[in-house]
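Written below as C-alpha cells is the structure these notes are about.
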Amino acid sequence: MHYMLLIYGTETGEPKSPDHIASPPVAAFIDDCRQRGVLVGAGRLRSVETATTVRVRDDELLLTDGPFAETREQLGGFFLLDCADLDEALAVAARCPMAATGSVEVRPLLGTTI
C-alpha cells in the first residue's frame, strides 16, 4: 500500500543548488528507504514565497500569494512509500530525521498512484 510522508517544519531557505538533496542524516534516511525497498519517490518544495493558492468561488478564480494556511510550520517536502501496512509506514516515518525538528504526517493514499 502506498503512504505519503508529508514533511512539515520551519523554513530554512532554499537548497544550495537544484542538485543539493539533503543533509547527511536525510541522505542516510533516503538510502535506508531504498535498501528497505519502500521508496517510490521524494521531493522537496521551494519556499512558501513561491507558492500560489488557487480557489474558485462562484465561478470566480481567486489567486493568493503564498500558502492558504498561515502557520509557523510549512509543508516542505514528501516521501512516497510502498509499505506492507501502516505499522511499517510509521516505523519508517519514525526514522525520518525531520521528525526530530518538525513533524511527519503519514497518510495512506486512496487507491493506486498514477
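What list of ³J(HN,Hα) values in whole Hz, one per residue of segment 91-101 in order, does the Karplus curve 6.51 cos²θ - 1.76 cosθ + 1.60 (θ = phi - 60°) give from phi, with Gly and Pro shown as x?
Per-residue couplings from phi come out as 5, 5, 4, 5, 8, 5, x, 5, 5, 7, 10 Hz.
Val54 to Leu80: extension gain in nm, 0.36 nm per residue of separation minus the Cα-Cα distance?
Full extension of this stretch gives 6.9 nm more.
Can you sort Glu88, Glu73 so the residue with the fewest Cβ neighbours within 10 Å comes first?
Taking fewest neighbouring Cβ atoms as first place, the list is Glu73, Glu88.
Here, each number is a calculation from the coordinates, and none is a lab measurement. From a predicted model like this one, the values you see are computed outputs, not experimental measurements. Counting neighbours? That spans all protein chains shown, and the Cβs are built from the backbone with ideal geometry, glycine included.
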